[in-house]
Amino acid sequence: MIYNYLLNTIDSKGAAYLILLDPDKTPENKLSSFIRKCELSGVDGFLVGGSLMIDGDFESFIEKVKMTTNLPVIIFPGEVNQICKPADAILYISVVSGRNPEHLIGKHVLAAPVIKKLNIEPIPTGYIIVESGSMTTASYISGSMPVPRDKPEIAAATALAAQYLGMKLIYLEAGSGAEQPVPQRMIKTVAEYCDIPVIVGGGIRSPQTARANVENGAKIIVTGNFFEDENNWNLIKEFADAVHIKSPVEI
Ligand code: 1GP
């Protein structure tokens, strides 16, 4: 079970570090060397997905990722058509910060029979989009208003509602390539207020930010954009070490 793997990783390392692979933005000829580098650097798994799929072939991309690594491959779906084998699990995301019924339950009705048929582990996840400067793709595509940056209490109440509805993870999302990452005060408020692990992603561009997120209670850190630039690959290990707060590493 991937959810248990995540919980065990959080338990043993203090927090888990996942890298988001967007099929539209990851050149296939660099995929295996990037994945190898991630494995050697201590990354705990991969999310695969994107709000838009323009050029990428999702299924063949997932196949290539799975052929290249034994780390968990978790679908981070932008659409119902992004559900396929051989992924290990899927974040079964409900955009609880918004009030768009399609992204609260509508897409889920369409996705559920596909997930069952393919026997992929669904991980129910309350997705909270946080205001981060300018309008993000996640916010625009899902038609969901983000939570204001200076209203951590709204994020906390939303997260608790998601927990009470039975969700297993909370995802605080600033949006891919966000100008500003999720505020530390919001992470701390949400993490203290609810009992399920909090994922934080969007606009994280330094190991220091990743570490501060974990110190404030984040249990899973996601980065995507930053490593789309090959010049940054030498920092993957620094990010992983920063997230793994239980490991005795100086940053
Ligand atoms: C986006 O949280 C992820 O959904 C990652 O964001 O690409 O900005 O790292 P970045």
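The values are calculated or read from the model by the stated rules, or taken from the named source; none is laboratory data. No experiment lies behind these values; they were computed from the predicted model shown. Cβ coordinates were reconstructed from backbone atoms using ideal geometry, including for glycine residues, and neighbour counts include every protein chain displayed. To get the accessible areas, we keep the full protein, side chains included, count just its heavy atoms, and leave off ligands, DNA and RNA. Shrake-Rupley method; radii C 1.70, N 1.55, O 1.52, S 1.80 Å.
Of note:
- Less than 5 angstrom separates the built amide H of Ala89 from those of Val73, Ile75, Glu121, all sequence-distant by 5 or more or on a different chain.
- Candidates Gly177, Gly224, Gly166: whichever shows maximal mean-square fluctuation once the chain is modelled as a Gaussian network with Cα springs under 10 Å: Gly166
- Applying 1/(1 + (r/R0)^6) with R0 = 30 Å to the Cβ-Cβ distance of Ile154 and Asn231 gives a FRET efficiency near 0.20.
- Approximate spin-label separation Asn70-Thr137, in nm, with each point projected 7 Å along Cα-to-Cβ: 3.2
- Sequence of Tyr5, Tyr17 when ordered by accessible area, the most exposed leading, probe 1.4 angstrom: Tyr5, Tyr17
- Cα shape, segment 17-58, gyration tensor, a/c 1.5 rule: oblate
- Take the Kirkwood radius over Cα pairs of segment 2-243, plug it into Stokes-Einstein at 4 °C and 1.567 mPa s, and you get 74 µm²/s for translational diffusion.
- Computed [θ] at 222 nm, helices only, for the chain once each DSSP H run of length n ≥ 4 contributes -39500 (n - 2.57): -11500 deg cm²/dmol
- Charge dipole magnitude, Cβ of K and R +1, D and E -1 - segment 1-80, Cα centre, debye nearest 20: 360
- Accessible area of segment 38-157 belonging to carbon and sulfur atoms, whole % at 1.4 Å probe: 59
- Potential extension, Asp57-Tyr164 segment - 0.36 nm per residue separation minus Cα distance: 34.9 nm
- For the options Pro27, Pro152, Pro77, a Gaussian network treatment of the chain with springs between C-alpha atoms closer than 10 Å singles out Pro27 as fluctuating the most.
- Modelled this way, with points 7 Å down the Cα-to-C-beta line, the labels at Arg185 and Met145 are 2.1 nm from one another.
- Gain on full stretching of the segment that runs from Asp195 to Glu39 - 0.36 nm per residue minus C-alpha separation: 53.2 nm
- Relative contact order (%) - the chain, alpha-carbon pairs under 8 angstrom, separation at least six: 20
- Cut-off 12 Å between beta-carbons: net charge of the residues surrounding Asn232, Lys and Arg +1, Asp and Glu -1: -1
- In a simple Cβ point-charge model (Lys, Arg +1; Asp, Glu -1; nothing else charged), the chain has a dipole of about 420 debye relative to its Cα centre.
- Taking each of Lys64/Lys85; Lys25/Lys116; Lys13/Lys237; Lys25/Lys237 in turn, the alpha-carbon distance tops 19 angstrom for Lys25/Lys116; Lys25/Lys237.
- Accessible surface, 1.4 Å probe, highest first, among residues Met186, Met67, Met167: Met67, Met167, Met186
- Val147 long-range amide H proximity, modeled H, under 5 Å: Ile129, Val130, Glu131
- Magnitude of the charge dipole for segment 137-251, about its Cα centre and with charges confined to Cβ atoms of Lys, Arg (+1) and Asp, Glu (-1), is about 300 debye.
- Per residue, the accessible area of the chain comes to 45 Å² when a 1.4 Å probe rolls over the protein heavy atoms.
- Among the GluC sites (Glu not before Pro) within segment 40-83, not one is in coil by DSSP while having at most 10 neighbouring Cβ atoms inside 10 Å.
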